[in-house]
Amino acid sequence: MIISITMNPSVDISYPIEKFTLNTVNRVKSVVKTAGGKGLNVARVLHQTNVEVLAGGMIGGYLGKFIEAELDKESIQHRFFAINGQSRNCIAILHEKKQTEILEQGPVISEDEAERFLKHFEQLIEQASILTFSGSLPAGLPDNYYAKMIALCDEKNKAVALDCSGNALKEVLSNKTKPLLIKPNKEELGALVGRSVENNVESLKEVLSLPLFDGIEWIVVSMGVDGAFAKHKNTFYQVTIPKIEVINPVGSGDATIAGLAQALDRRQSDEMILKHGNTLGMLNAQEKITGHVNMQNYQNLMNQIQVEKV
Ligand code: ADP
């Protein structure tokens, strides 16, 4: 089965307010609360494609219980490690066609919890055929924590598809044991190499050939409406996608990771791996609810994707 890890999940609260006014009371009639976090989106998408998936990571307090209950409602298996702190709320105020977000930092993980999680994780790995790690690390964990988790997976010969950014990703790249795949978007790639990356074949090839990425078998740079650019070992691919009607692209990167991991797990061809990942990304962008895909449109979209060696 595929294990999808979210280290800092949240309760996502959406407050639609017609007019949002500062420094006074704003009343909300219809509140929507869902279990959020990039890895939970990965798990949801995998579940909808009928793949056996288990959601894991760290969770705490009554908000943690809410997240587990939401996953139960969706019949998604989970095995989280319980921490002392409280999982976080992330609030989105939807007003006047704008979105104002208030994101709690979340719990601070103690050294003891960090150590005990690794023991719990070591056991979890046994059940996995491949793992995905998505999103930021909670406060208290060192930047090299994902690198430590990848080393444990490596010991058991389990591949990891990693979707994170910033210092946690830098630490992974400088570590000896590497994930099988990383999926930075164009902005995250730019932040990693310290300059903006142009969307053309030559400059993408040059950036992905930097020594920084040595030893990473798959790099998939997702580029929203422009599809993706990928490097597998020494081969480069340009992925061109059709123009589609987009409803809500939030979570498309998570859906893409779900597809890439699933196709890698099935040892599909490079072309199929990239097509499957991009199709699920597009299907997510066509839905209102993050992490939802309508598989009825799968074949039609998939047929319109082109994967070219460049
Ligand atoms: P992230 O959410 O990590 O920033 P992207 O926005 O690049 O990732 O989305 C991942 C994939 O989802 C893209 O490579 C593409 O296949 C699909 N996708 C995302 N946004 C759009 C869009 N506006 N139109 C068509 N496809 C999209």
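A single entry from Ile93, Ile125, Ile59, Ile130 fulfils the requirement of being closer than 21 Å to Ser10 by Cα, hydrophobic (A, V, I, L, M, F, W, C) and within 20 Å of the chain's Cα centre (by Cα): Ile59.
Within the range 251-303, can you find the residues that are away from the ligand (no atom under 14 Å from the Cβ), within 16 Å of the chain's Cα centre (by Cα) and polar (S, T, N, Q)? Scanning the range 251-303 gives a single hit, Gln262. The helices (runs of 4 or more DSSP H) found wholly in the range 231-310 and carrying at least 3 residues that are modelled with pLDDT of 95 or more and surrounded by fewer than 19 Cβ atoms within 10 Å (Cβ to Cβ) occupy 270-285, 298-303. Across the range 35-56, what is the total count of residues that are over 16 Å from Asn294 (Cα atoms), within 13 Å of the chain's Cα centre (by Cα) and of a type in the set (A, V, I, L, M)? Adding up the residues that qualify gives 2. Looking across the range 222-245, the residues that are touching a residue at least 60 places away in the same chain (Cβ under 8 Å), out of contact with any Ser or Thr (no Cβ under 8 Å at 6 or more places or on another chain) and near the ligand (Cβ under 9 Å from one of its atoms) come down to Val239, Ile241, Pro242. In this entry, Ile219 is excluded by the filter for residues that are in contact (Cβ under 8 Å) with a residue 12 or more places away in the chain, within 14 Å of the ligand (Cβ to nearest atom) and surrounded by 24 or more Cβ atoms within 10 Å (Cβ to Cβ).
With a requirement of 1 or more residues that are touching a helix residue (DSSP H, G or I) at 6+ places or on another chain (Cβ under 7 Å) and crowded, with 20+ Cβ neighbours inside 10 Å, the strands (runs of 3 or more DSSP E) lying completely within the range 94-172 that satisfy it span 130-134, 159-163. For the range 173-204, the tally of residues that are charged (D, E, K, R) and assigned to a helix (DSSP H, G or I) stands at 4.
Under the condition of being of a type in the set (A, V, I, L, M), within 13 Å of Ile67 (Cβ to Cβ) and surrounded by 24 or more Cβ atoms within 10 Å (Cβ to Cβ), the residues counted in the range 8-46 number 3.
Could you check the range 81-123 and list, in sequence order, the residues that are in contact (Cβ under 8 Å) with a residue 60 or more places away in the chain and in contact with an Asp or Glu (Cβ under 8 Å, 6 or more places away or on another chain)? Across the range 81-123, the qualifying residues are Arg88, Asn89, Cys90, Ile91, Ala92, Ile93, His95, Glu96. In the set (1) within 13 Å of the ligand (Cβ to nearest atom); (2) in contact (Cβ under 8 Å) with a residue 24 or more places away in the chain; (3) within 16 Å of the chain's Cα centre (by Cα), Pro179 fails one condition alone, (1). Annotation note: Cβ proximity below 9 Å between a residue of the range 271-295 that is touching a residue at least 60 places away in the same chain (Cβ under 8 Å) and a residue that is part of a loop (DSSP other than H, G, I, E, B) and among the polar types (S, T, N, Q) (sequence gap 6+ or interchain) occurs for Leu280/Thr49; Asn284/Asn248; Asn284/Thr290; Thr290/Asn248; Val293/Thr49; Val293/Gln286; Met295/Thr49; Met295/Asn50.
The values are calculated or read from the model by the stated rules, or taken from the named source; none is laboratory data. Source: prediction; values computed, not measured. Cβ: placed from backbone, ideal geometry, glycine included. Neighbour counts: every protein chain shown.
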